[in-house]
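Structure first, commentary second.
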Amino acid sequence: MAYQTLIVEIEDSVALIRLNRPDALNALNSQLLGELAEALKALDSNDKVRCIVLTGSDKAFAAGADIKEMADKSFVDMFGSDYFAPEGEAILRVRKPIIAAVSGYALGGGCELAMMCDFIICSETAKFGQPEINLGVIAGIGGTQRLTRFVGKSKSMDMHLTGRFMDAAEAERSGLVSRVVPPAKLVPEALAIAKKIAEKSALTVMAVKEAVNRSYETTLREGVLFERRLFHALFATEDQKEGMGAFLEKRQPQFRDR
Ligand code: HXC
């Protein structure tokens with residue numbers, strides 16, 4: 001499938017999606033988010049793909065929603081089209097893991113897009129921010145909710161109210177990203193992590209993703225119950241027998257997603 005705003009490559013069970021609007025620092029317009037939703041849906045049902053990496057360029061993961069596209073829109077336009085809601089929902093429906101690999105700017109909708117992925121790794125040049133306040137609006141695809149859960153209320157309020165940027169060291173310190181690597185190593189490192197995940201049982205990987213994401217949606221007690229039921233259910237799989245059997249036989253497991 002050819003896209004105009006994305007470059008998609010598949011190798012060794014891992015899909016790499018590059019956001020590709022270099023002239024606008026990968027600003028997210030309807031075309032890009034539409035293509036991204038379509039690409040993710042296709043990759044989710046592609047048997048050759050077990051893990052997905054989403055990245056931008058060295059200069060920008062994405063500098064936000066496209067201000068040129070939004071500037072003249074009315075309330076009726078935004079509310080009537082439920083601007084970017086269907087695309088956001090499509091990203092959240094993907095069952096395979098998505099790793100965001102961020103270099104440079106991840107601002108506004110760009111930061112929100114990274115936070116919709118399953119985890120974020122970044123390069124030393126990364127700059128995260130929710131600067132919508134400078135445009136007379138607020139975050140619109142989850143930023144006030146997700147950033148608060150990642151970094152806590154105080155830092156989230158600070159970011160949203162001042163519009164300041166957070167560098168890679170602060171992002172790692174505050175739990176927004178899981179790892180920081182040199183810029184040249186960002187994509188290779190993300191692909192290596194994805195390949196490691198691709199070696200696991202796809203069933204177990206999906207169970208982890210569902211269980212961790214559940215912690216966003218429910219109480220601790222319900223979340224722990226959900227986790228326990230999934231844990232129990234995995235004993236119905238061949239991959240549990242293979243994983244535990246391989247450990248006891250001191251060999252590498254051969255998972256078959258069954
Ligand atoms: C449209 C953008 C853009 C954006 C950059 N560009 N960000 N176009 N929407 N969000 C374009 C610029 O207009 C310019 O195009 C080109 O990209 C290069 O940008 P420069 O500003 O010249 O680069 P630089 O001086 O290096 O500054 C980089 C920057 C700055 C700090 C990232 O571009 C910036 O502040 N961008 C806006 C960031 C922002 O406010 N994001 C939040 C958007 S609102 P030309 O044609 O002039 O060369 C949002 C809401 C989400 O995200 C909710 C959605 C539902």
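The values are calculated or read from the model by the stated rules, or taken from the named source; none is laboratory data. Nothing here was measured: the structure is a model prediction, and the numbers come from that model. Heads up, the Cβs are rebuilt from the backbone with ideal geometry, glycines too, and the neighbour counts pull from every protein chain shown. Side chains are part of the model used for accessible areas, which takes the heavy atoms of the whole protein and leaves out ligands, DNA and RNA. Shrake-Rupley method; radii C 1.70, N 1.55, O 1.52, S 1.80 Å.
Worth a mention:
- Largest GNM mean-square fluctuation among ILE67, ILE91, ILE141, using the chain with Cα springs under 10 Å: ILE67.
- Charge dipole of segment 1-126 (Cα centre as origin; +1 on each Lys and Arg Cβ, -1 on each Asp and Glu Cβ, all else neutral): 180 debye, rounded to the nearest 20.
- Here the label points at GLU124 and THR148, each 7 Å from Cα along the C-beta direction, are separated by 3.5 nm in the simple model.
- Rounded to whole Hz, the Karplus (6.51, -1.76, 1.60) HN-Hα couplings of segment 2-16, x for glycine and proline: 9, 10, 8, 10, 9, 10, 10, 10, 10, 8, 6, 6, 10, 9, 10
- In Hz, Karplus ³J(HN,Hα) per residue of segment 172-187 (6.51, -1.76, 1.60; θ = phi - 60°; x = Gly, Pro): 6, 4, 9, x, 6, 10, 8, 8, 10, 9, x, x, 5, 9, 4, 5
- Mean residue ellipticity at 222 nm, helices only, the chain: -14000 deg cm²/dmol; runs of at least 4 DSSP H residues each add -39,500 (n - 2.57), and the sum is divided by the number of residues.
- Both radii come from the Cα set of the chain: Rg as radius of gyration, Rh as Kirkwood radius; their ratio Rg/Rh reads 0.99.
- Derived scalar couplings ³J(HN,Hα) [segment 157-162; Karplus, 6.51 cos²θ - 1.76 cosθ + 1.60; whole Hz; x for Gly, Pro]: 4, 3, 5, 6, 7, 9
- Under a Gaussian network description of the chain, with springs only between Cα atoms under 10 Å, the residue in GLU227, GLU132, GLU38 that fluctuates furthest is GLU227.
- Carbon plus sulfur fraction of accessible area for the chain, probe 1.4 Å, in percent: 56 percent
- Within the listed set GLY80, GLY56, GLY104, the Gaussian network model of the chain (springs between alpha-carbon atoms below 10 Å) gives the highest mean-square fluctuation for GLY80.
- Cβ-based net charge around ASP167, under 9 Å, with every Lys or Arg adding one and every Asp or Glu removing one: -1
- In the context of the full set of protein chains, the chain has a per residue accessible area of 55 Å² (1.4 Å probe).
- FRET efficiency for the pair ALA184 and ILE10, taken as 1/(1 + (r/R0)^6) with r the Cβ-Cβ distance and R0 = 25 Å, rounds to 0.65.
- Contact order relative to length of segment 6-198, as percent, for alpha carbon pairs under 8 angstrom and 6 or more apart: 22 percent
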